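These notes are about the structure you will find just below.
The values are calculated or read from the model by the stated rules, or taken from the named source; none is laboratory data. Quantities reported herein were computed from a predicted structural model and do not represent experimental measurements. Ideal geometry is used to build each Cβ from the backbone, glycine not excepted, and the neighbour counts take in all protein chains shown. Calculation scope for accessible area: heavy atoms of the full protein, side chains included, ligands and nucleic acids excluded. Shrake-Rupley method; radii C 1.70, N 1.55, O 1.52, S 1.80 Å.
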Amino acid sequence: MADDAANPRSEPISKIDQSVPHSARIWNYWLGGKDNYEVDRAAGDAYCHAFPGIVDIARASRAFLARSIRYLAQDAGLRQFLDVGTGLPTVDNTHQVAQRVAPEARVVYVDNDPLVLLHAHALLTSTPEGVTQYVEADLQEPEDILARAAGTLDLGRPVGLILSGILGHVATYDEARDIVRRLMAGLPSGSYLSLNEGTDTDPVYVRAQGDYNASGAIPYRLRPMEEIAGYFDGLDLVPPGVVQVPAWRPDITPSGDQPADIGQAGGVALKP
C-alpha cells in the first residue's frame, strides 16, 4: 500500500466538503464519534427530530456488524476479511472484532472517501500476528477492489466480505445486486457475505430519509426486505436468514429483552 494511505498527509483535507452533510460523518455523530462537522451534527439532529429511531438503527447496525464478524471468525473459522465501504473508524471495527477471536486475522478495508483516508492510520492498527490494510477504491469497480485486496489477502482461500450500509448509496437495485455478485464471484467457495441495509418498512423512517436525500446530501435508498434478501441469491444463508438486525443471533441479555422492531435488515451467507 502507498505510504500516503498508511500515514495520511494533509492533501485529503482539501477534498473534504464541509458545507454538505455526509452520511458517514452523520453516523459517526450518532454513534458518539468526534469525526464530524457542524453541518453533519445539524443534519443529524434534524433527522433525529423527524425520526428519533435513527440512533437505534445506527447502534443496531453496528452491533450486527460486530456479531456477524465474531461469528465468521469464531464459528466459521475465517481468517481473512474484506470490508468494503468501511466508513469512519469507531468502536468495534472489523479488525478489532476479528483479531480478538483470531489475532492472526488479515483485514482489508476499502473506501474512496477522503475523510476515511485521512483517518486510515486508525484503521491500520493490528495485532503483531495479523495484518490490517486500507485500500482506496470505488464500490462501482468490484474487480479493481479484488485486485487491490489481493495484495494483502489470499483470494484462493475463504474470505469474509463485509457490506454494511453501503449499497443504499447505489442508484438502482440492479446495479447494487450486480456489485455483490461480482465481488462474490472473485472469492472462492467457503467465503461468506455479511450484509445489512436500511429497509422501507417504517413510513416515518422513509419520510425522514426522503427529506435527507432532498437536502443535497449524498442520497441513501431504503429498500424492501425482499430486495435485501435478493443480495444473497445463490448463497446458503446462515440461520436465522435475512432478518431485522437485532434478531440476527442476538446476544443474551440478563433482562431477556426481545429484539426491537427496526428498519434495518441483514444476514450472513456462505458461498458453496
### Message
Just the residues that are in a helix (DSSP H, G or I) and open to solvent by 40 Å² or more (accessible area, probe 1.4 Å), please, taken from the stretch 40-54.
### Response
Arg41, Ala42, Asp45, Ala46, His49, Ala50
### Query
Identify, please: which residue in the stretch 172-195 is touching a residue at least 40 places away in the same chain (Cβ under 8 Å) and over 18 Å from Asp236 (Cβ atoms) and is, among those, surrounded by the fewest Cβ atoms within 10 Å (Cβ to Cβ)?
Arg182
### Task
Name every residue in the stretch 235-256 that is surrounded by 13 or more Cβ atoms within 10 Å (Cβ to Cβ) and of a type outside the set (Val, Ile, Thr), in order of residue number.
Leu235, Leu237, Gly241, Gln244, Pro246, Ala247, Trp248, Arg249, Pro250
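Could you identify the single residue in Leu78, Leu88 that is closer than 18 Å to Gly186 by Cβ and not in a helix (DSSP H, G or I)?
On the way: Leu88 fails: closer than 18 Å to Gly186 by Cβ.
Result of the check over Leu78, Leu88: Leu78.
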### Query
Could we say that Ile57 is surrounded by 17 or more Cβ atoms within 10 Å (Cβ to Cβ) and over 29 Å from Gly186 (Cα atoms) here?
yes
### Message
Checking Ala60 against (1) on the phi > 0 side of the Ramachandran plot; (2) in a helix (DSSP H, G or I): exactly one of these is not met. Which one?
### Response
(1)
### Query
Are there any pairs with C-beta distances below 6 angstrom linking a residue in the stretch 79-104 that is within 21 Å of Glu136 (Cβ to Cβ) to a residue that is at pLDDT 90 or above and open to solvent by 50 Å² or more (accessible area, probe 1.4 Å), with the two at least 6 apart or on different chains, and if so which?
Gln80/Arg106
#### Entry: Filtered residue count, the stretch 98-125, keeping only those that are open to solvent by less than 10 Å² (accessible area, probe 1.4 Å), assigned to a helix (DSSP H, G or I) and farther than 14 Å from Ser194 by Cα
4
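Return yes when Leu123 is touching a Ser or Thr at 6+ places or on another chain (Cβ under 8 Å) and touching a residue at least 24 places away in the same chain (Cβ under 8 Å) and no when it is not.
So Leu123 passes the test.
Of the residues Glu143, Glu136, which single one is under 26 Å from Ala229 (Cβ atoms), open to solvent by 20 Å² or more (accessible area, probe 1.4 Å) and among the charged types (D, E, K, R)? It would help to see each step written out before you state the result.
Numbers: Glu136 fails: under 26 Å from Ala229 (Cβ atoms).
Result: Glu143 is the single residue among Glu143, Glu136 that is under 26 Å from Ala229 (Cβ atoms), open to solvent by 20 Å² or more (accessible area, probe 1.4 Å) and among the charged types (D, E, K, R).
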## Note on the structure
Of those in the stretch 207-234 that are closer than 21 Å to Val20 by Cα and at pLDDT 95 or above, the residue surrounded by the fewest Cβ atoms within 10 Å (Cβ to Cβ) is Arg221
